[in-house]
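Structure, as structure tokens:
The values are calculated or read from the model by the stated rules, or taken from the named source; none is laboratory data. Just so it is clear, the model here is predicted, and its values are computed rather than measured. Don't worry about glycine lacking a Cβ; one is built from the backbone with ideal geometry, like all the others, and counts go over all protein chains shown. When the accessible area is computed, the model is the full protein with side chains, heavy atoms only, and any ligands, DNA or RNA have been set aside. Shrake-Rupley method; radii C 1.70, N 1.55, O 1.52, S 1.80 Å.
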Amino acid sequence: MGLIEVIEHTKRILSIMKKKMKNFKISLLLGGAIVIMLISSCKNTATQYTDTPTSGTVKIAVDETLFPVMDSEIYTFMASYKDAKIIVVYEPEADVFRDLINDSVKLAVVARELNENEKAAFKKQTIEPMTTKIATDAIAFIVNNENISNELTFPRMKDIISGKIKTWKNADSKNELRDIKIVFDNNGSSTSRYIKDSIVGINKLPDNWFALKKNSEVVDYVAQNKNALGIIGVSWISNRHDTLENSFKQKVKVVGLTSNDASDREYYQPYQAYIALKNYPVCRSIYIVNREARSGLGTGFSGYVAGESGQIIVKKSGLMPATQSVRLVHLQSQKIQ
């Protein structure tokens, strides 16, 4: 190989080495940038939660039938913890569970536990929600103030809501009112679901059932229609300290029912003592379902409702607390001599 060829060959080798060094530097810079981005990402992930159990903001969904008691819980919690803000959506049960699964809300207050399909949906998200029982409430049946049938046996009520009895005359021989019109809050509500699943065991509601929008509308409708039978969550009429609920009770009458034993002819209304003693036959459990999986504001609120302060509010609202006892006083009438 001549001198000129050696020189040219050396130039080519140096050129190739320069390119490789340049590429190496670029790769090194890119690699460094990626590492910095990953570190930054990890830091952002670790600090993206700005809420604590007693501060920050969280959005929750609540079954609309539970509005009175949960409105009190939320108001009192935020009054106690000034840095906490709970954004609440009151909606039908079906929408509450949809929002919870879709992560639109972090916490739900509902009248049943998760079903198998919902558990499977959370399993796909590698999330195991925490379910806490907070109360026992009841389904209340209300009638117009001019309706004399405000006491019925539980078997007779089941025949009415299942569609086997469709007139007040057939339900009560002393009642001259005509066709029974059953009204409830809405088609996706926990009320209609509970009646179908747990009381009468039917897939489709009878044709004399009519959906409105919310429990307050049910009360107003029954107050204006003699033939109506309304079905609502008992928390709307059970707090004797609430002026709004007391006004509801002046508009309508609450139906008393026998216990599950058809031979029991003592009638019980859906109030705290009879819920506690299981005399009233249409009771259900209330739960908080929390998908946070960390100690955020949703978890803090859940603990508050299940704790002493929250359970006192449940008791004052006329529901049966899950973790606190209720003092029952039996009053026996005495004849005056």
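Within the set of other residues whose C-beta is less than 10 Å from the C-beta of residue 198, count the net charge using Lys and Arg as +1 and Asp and Glu as -1. Don't skip to the end; give the middle numbers.
Values: positive: 112, 193, 196, 284; negative: 197.
Summing Lys/Arg as +1 and Asp/Glu as -1 gives +3.
How about the stretch 93-185: which GluC sites (Glu not before Pro) there lie in a loop by DSSP and see at most 14 other Cβ atoms within 10 Å?
Numbers: sites: 93, 113, 116, 118, 146, 151, 176; in loops: 113, 146, 176.
Here the sparse-neighbourhood loop sites are 113, 146, 176.
Given the options 272, 209, 150, identify the residue whose Cα lies farthest towards the positive end of the charge dipole of the stretch 136-291 (+1 on Cβ of Lys, Arg; -1 on Cβ of Asp, Glu).
With unit charges placed on the Cβ atoms, the residue in question is 209.
Just tell me which aspartates and glutamates come within less than 19 Å, Cα to Cα, of residue 164; anything on the same chain fewer than 8 places away is out.
Cα-Cα hits under 19 Å: 151, 172, 176, 179, 197, 207.
Would you mind calculating the gained length between residue 123 and residue 164 on full extension (0.36 nm times residue separation, minus the Cα-Cα distance), in nm to one decimal?
10.6 nm
Between beta-carbons, use under 13 Å as the cut-off and find the net charge around residue 221, counting Lys and Arg +1, Asp and Glu -1.
Once positives and negatives cancel, what remains is +2.
Once you put a point 7 Å from the Cα of residue 75 and another 7 Å from the Cα of residue 113, both along the Cβ direction, what distance in nm separates them?
Those two pseudo-labels are separated by 3.3 nm.
Cα centroids of the stretch 253-302 and the stretch 44-102: how far apart, whole angstrom?
22 Å
With all protein chains present, how much of the accessible area of the stretch 105-168 (probe radius 1.4 Å) comes from carbon and sulfur, to the nearest whole percent?
46 percent
What net charge is computed for the residues neighbouring residue 51, neighbours being all others with C-beta under 13 Å from the C-beta of residue 51, Lys and Arg scored +1, Asp and Glu -1?
My count for the surroundings of residue 51 gives +2.
In the structure shown, do any of 85/158; 59/226; 123/316; 158/315; 133/174 have a Cα-Cα gap over 31 Å, and if so which?
85/158; 59/226; 123/316; 133/174
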